[in-house]
Structures are given as structure tokens and as C-alpha cells.
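Student: Below you'll find the structure I mean.
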Amino acid sequence: MKYFSTRGSPDLLTFSEVVLIGLSKDGGLFIPQTIPTLPSDWKTSWLNHSFTSLALEIFSLYIPDDEIPRKDLERLINKSYSTFRASDITPLKKLRENLYILELFHGPTFAFKDIALQFLGNLFEYLLEKKNLEESLEGKNTTKRERITILGATSGDTGSAAIYGLRNKKDISVFILHPRGKVSPVQEAQMTTVLDKNVHNLAVEGTFDDCQDTVKTLFSDSQFNQKHHLGAINSINWARILAQIVYYFHSYFQFFLSLNVSPSSPEANNIKLQYCVPTGNFGDILAGYYAKCMGLPIETLVVATNSNDILDRFFKTGRYEKKVNDGEDNGKGGHIVHETLSPAMDISVSSNFERLLWYLAYGSIDAKSDKEKVNLAGSTVNKWMEDLKSKHCLTVEGVHLALALRDFKSDKITDQETMETIHRYYAPQDSRTQISYVLDPHTAVGVAAADKQKISSNTHLICLATAHPAKFSAAVEESLKSFSEFKFQEILPTEFVGLLEKEKRCVYIERADPEIVKKTIESELEREVI
């Protein structure tokens, strides 16, 4: 299994190389040469697998044994998920008839990003250790070990999950850019109270998109990149997507086990599954797309956005456009982000969406050879991304859009609808048919979208719960203030008690200027080695 860029670079890289590099030198994202098919007996042989056993089987389809031996991979997986509070890692719960919640927040930072980033942190350390050992045995770099500088941007949860996955890792420094004042207090505290020497938080005056653009600029700066060996932890890193594929399979088996129905039975063939995913950077739902392409029987993936609805507008019109429809402009070509109750989704451009665009381009090409199709798809994506850069918009029409709508549909959810959903699920009208459940605002966006779907009686929806409600106390308390019996302390994890009062370390960046960020990184790296 080799990997190549979505933008047409002819280079074929190994799994280890794409993990350590993160972003292709042509600016594209790495994708596998082929999407592997499942074993013929997967519905029976995988049925009673634990989460970690499923991860081993799925990862092994994408990671050759000569790169990471199966025993090493199993050890990495077990180490990564030993930090989770739930024994089954991602438990599935029934909210009401035909609607289930998949809890992805049982990791160290109480957010779904832990599932990928606990693994990625251990993977980085393993690959670096292996590389340094090999070079030592070959007589290279005997006096200086190779290090890597992890660079990422966050709208909230990625930063803390990356920090907890990488803190105190050997030969790794981590720099996280977040928009100052635009993440929740708990999210900010989770990042800035980690005082390990190799962890560096940069609070940037601007938006998440400004932070993300700065990170992409630094990755494309070949001199800076080579000097500091930059590595990516955002969902542009393929390993992030790979790790998230697992919980789609795990929830599929949990669902059928809860019904006491065998997935391989004729009865199962009459049951349809849809997944509703609160979506910002498109990585979480893209993992579901890969699971579907591998053969997991998913009928539809529902993209749930907040008022930052570039993705909802795309699936409804085929236009992937930064500028909002009302003509507002902030002087940056329509690069507008609205602050909402679900800040981790306050994104105007979803960087992972480029991977889907490649498959839309590839699937619509009628060519004599696969090599020709791959080359043409890369050229098409490259042109689309140039249009987005120069015109702030790309348009996908005809067969391309039809391919997208074969697997996806979407809905936009307002803050008011988010609050109403939190309220409604805490106090169901009929407790016999619906349990009381406290939703975080991001999960509420997904559940609100699920509630809007017109489904048949044999269709079931699984909504991904991306964060613990305690991470967004203001939105939850405002939504439930009419209930005198609700006490926020009852859902507050012990790990959050006193968190906001802990010592913090953070560097303030006055504006999203790549040159300022570069100087700051180099200054912090010098301090780190002192």
C-alpha cells in the first residue's frame, strides 16, 4: 500500500512517510492508492471484536507488515486506548426509537479527537525511534538524533487532544495555534495548563481559518519545513482519518448486537443505517466515507453544520464558496466566520474536503487506464483548489455533484435550534420512548439534523457525540436554565474541577503573520533545549 497526493504529484510514499510529512509538497493531501476491500467473512469474524481488535484488523489493511509489524501495531493500539475511561472506548446508546448516540468523548480530553490523537502521538514516537535506530545501525546520525516539530491549528478540541497525545514524547516538540478568545474556557485551559517542556501554545489574534492558513503556509515553506522537520496533527494527516474509521465499524456491530440480530442475516439486509455527523473540518465524516467505500453498509452520511455552512451550501448547490450568501465581506475576499455555540465547527473552509473532491473527480473520469484516471483526477482537484484560492469559490456540477449526493446529504442548524435540541433531549415529552440526555452543543447540531431527516421505519440513525457537555458549560447552562433541577456540577468530570485556576503557559501572537509565527517557534525551540 502506497500513498499519493490529491493534487497530482507523481511521488508514491509509504505509510510512515505520509504520517511524518503530513502534507504533500504540492499542497495536496495524501490518500491511499486503493481503498482496501473487507474480508469476505468480516460480518461474522469481526462481530465480537473489541474496539482495539477491530482497530488492528482495519489498520492492518492500510499499514504493510514490513513497515509496522503486526505485534508492534497491536502494542501501539493497546497503549493508545488504555487511557480511555469507557471499557468499550466508544459506547453506543439509544436515545429514542431509530436514533442512537455514539459517545466519542471518553478519552483524556473528553473529545472525539482523542481517538485519533492518542494513537498518532504514540505512532510519531514509534516511527522516530525506529528511524533513529536504523540510522544509528547504518552509522548515520550517531551524535544527533532526528527530531520532529509538530505543528497544528485548532478551533478547540484538536489542540488539547494533540497536546495530551504528544506531551513528554521523546524527540517531539508540539506547537498549537488557536484563535485567541474563540475557544471555550475549558478547551483553552486544557491546552495551556499542560506545562511539559515540549508543549507550546500560541494564541493568535484572528480566527481558526487564520491559524489554519498560517500552518499551511509554514508547511509549504520548504526551507523552514526541512530545517525543523514539520509534522502535521490536524486531520490533514492521513493517520487521523484511518483511526476514525474504526468507530464506524464498532458502532455497526454494537447496533446489531443491541438488536440481537446477526449482521449477516437476511433480517439485517432490510435494516438501513445513516450516520449524522456534526461537521467542521470534514475529517470525522470523511472517515465514515472511507468505511462506506470499504464495504460497511451505510445508506447515507448526513453532514450537519452550524451557521458556518460552506459544506451545507456545497451539497445543496455544488458551490464550495467562502463568501456567505448575504454578501457580507470582512476585507479578506469573503473569508467569514460566525461565532456560534459550537465553536469547534466555526470554520469557513474544511481542509479535509479536498480528499472527497479527489474521489468525485476520479469517479467521473472515463479513461483507458487507472494511471490516466489518477493523473486527470489530480489535475482536476488542482484546478478546483486554484479556483478556491483565486476566486474564493469552486463549482462542482453534473456527475461530480451526483456522486457526492449518492453518499451524502446535509443540513444547517442555527444556534436557536441547537439550544432547543439540548432542551428537548434533557426533558423528553415521553420518558417511556426517549431517555433524558445532556448534549453538548456540537452533538446537538448533529442530533437536530437527525431529527430533520425523513426516514422509513426500518432506517436507524447514529449520531456522533463529539464532546462531553462539560466542555461547553455556557451553552449547556443557557439551554437548560429553565430547569431548576439541573445542576451542572452533576455532569462535571473530576478532571475539570479547578482546571481554570491552574497555572497556564501561552505565547500571544498579535496577528496571523507566518513570519511572526516562524520567529516565535524558533525562539521557543531554543528555550526548550536550554
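The values are calculated or read from the model by the stated rules, or taken from the named source; none is laboratory data. The structure presented is a predicted model; accordingly, all values stated were derived computationally and were not measured. Every residue, glycine as well, gets a Cβ built from its backbone with ideal geometry; the counts of neighbours run over all protein chains shown.
Student: Within the range 202-274, which helices (runs of 4 or more DSSP H) (wholly inside it) include 3 or more residues that are buried (at least 18 other Cβ atoms within 10 Å of the Cβ) and touching a Pro at 6+ places or on another chain (Cβ under 8 Å)?
Tutor: Details: elements: 208-220, 222-228, 238-259, 266-269.
Filter on the range 202-274 gives 208-220, 238-259.
Student: Would it be correct to say that Phe483 is more than 27 Å from the chain's Cα centre (by Cα), of a type in the set (A, V, I, L, M, F, W, C) and within 30 Å of Ala427 (Cα to Cα)?
Tutor: Numbers: more than 27 Å from the chain's Cα centre (by Cα): yes; of a type in the set (A, V, I, L, M, F, W, C): yes; within 30 Å of Ala427 (Cα to Cα): yes.
In short, yes.
Student: Filter the range 275-314 down to the residues that are touching a strand residue (DSSP E or B) at 6+ places or on another chain (Cβ under 7 Å), of a type in the set (Ser, Thr, Tyr) and outside any loop (DSSP other than H, G, I, E, B), then identify the one that is farthest from Gly152 (Cα to Cα).
Tutor: Thr300
Student: (1) of a type outside the set (A, V, I, L, M, F, W, C); (2) modelled with pLDDT under 95; (3) farther than 24 Å from Phe119 by Cβ: which one isn't true of Asn234, the others all being true?
Tutor: Here Asn234 meets the rest and fails (3).
Student: Same structure again: Of the conditions (1) farther than 23 Å from Met294 by Cα; (2) in contact (Cβ under 8 Å) with a residue 40 or more places away in the chain; (3) in contact with a strand residue (DSSP E or B) (Cβ under 9 Å, 6 or more places away or on another chain), Leu92 fails just one. Which one is it?
Tutor: The one condition Leu92 does not meet is (1).
Student: Would you mind finding the one in Asp72, Asp65 that is touching a residue at least 12 places away in the same chain (Cβ under 8 Å), surrounded by fewer than 21 Cβ atoms within 10 Å (Cβ to Cβ) and charged (D, E, K, R)?
Tutor: On the way: Asp65 fails: touching a residue at least 12 places away in the same chain (Cβ under 8 Å).
The match here is Asp72.
Student: Return the residue satisfying two criteria in turn: it lies in the range 334-373 and is among the aliphatic types (A, V, I, L, M) and modelled with pLDDT under 95, and of such residues it is surrounded by the fewest Cβ atoms within 10 Å (Cβ to Cβ).
Tutor: Initially, the range 334-373 is screened for residues among the aliphatic types (A, V, I, L, M), giving 336-337, 341, 344-345, 347, 349, 356-357, 360-361, 365, 367.
Next, from what is left, pick out any that are modelled with pLDDT under 95: 336-337, 344-345, 347, 349, 365, 367.
Working: Ile336: 18, Val337: 23, Ala344: 29, Met345: 27, Ile347: 23, Val349: 22, Ile365: 15, Ala367: 13.
Taking the candidates together, the pick is Ala367.
Student: Residue check, Ile89 against (1) within 25 Å of Met345 (Cα to Cα); (2) in contact with an Asp or Glu (Cβ under 9 Å, 6 or more places away or on another chain); (3) of a type outside the set (Asp, Glu), all met but one. Which one?
Tutor: Result: Ile89 fails condition (2) only.
Student: How many residues, within the range 189-201, are surrounded by 23 or more Cβ atoms within 10 Å (Cβ to Cβ) and part of a helix (DSSP H, G or I)?
Tutor: 2
Student: Hey, another quick one. Could you run through the range 27-48 and say how many residues are within 26 Å of Gly378 (Cα to Cα) and either surrounded by 17 or more Cβ atoms within 10 Å (Cβ to Cβ) or touching a residue at least 60 places away in the same chain (Cβ under 8 Å) (or both)? Don't jump to the end; show me each part of the working.
Tutor: First, pick out the residues of the range 27-48 that are within 26 Å of Gly378 (Cα to Cα): 27-37.
Still in the list and also either surrounded by 17 or more Cβ atoms within 10 Å (Cβ to Cβ) or touching a residue at least 60 places away in the same chain (Cβ under 8 Å) (or both): 27-32, 35-37.
Residues flagged as within 26 Å of Gly378 (Cα to Cα) and either surrounded by 17 or more Cβ atoms within 10 Å (Cβ to Cβ) or touching a residue at least 60 places away in the same chain (Cβ under 8 Å) (or both) within the range 27-48 amount to 9.
Student: Right, another one. Would you say Lys227 is without any contact (Cβ under 8 Å) to a residue 12 or more places away in the chain, more than 23 Å from the chain's Cα centre (by Cα) and farther than 16 Å from Pro343 by Cα?
Tutor: yes
Student: A follow-up question, please. Specify which of the listed residues (Thr380, Thr433) is out of contact with any Ser or Thr (no Cβ under 6 Å at 6 or more places or on another chain), without any contact (Cβ under 8 Å) to a residue 60 or more places away in the chain and of a type in the set (Val, Ile, Thr).
Tutor: On the way: Thr433 fails: without any contact (Cβ under 8 Å) to a residue 60 or more places away in the chain.
Just one listed residue meets the conditions, Thr380.
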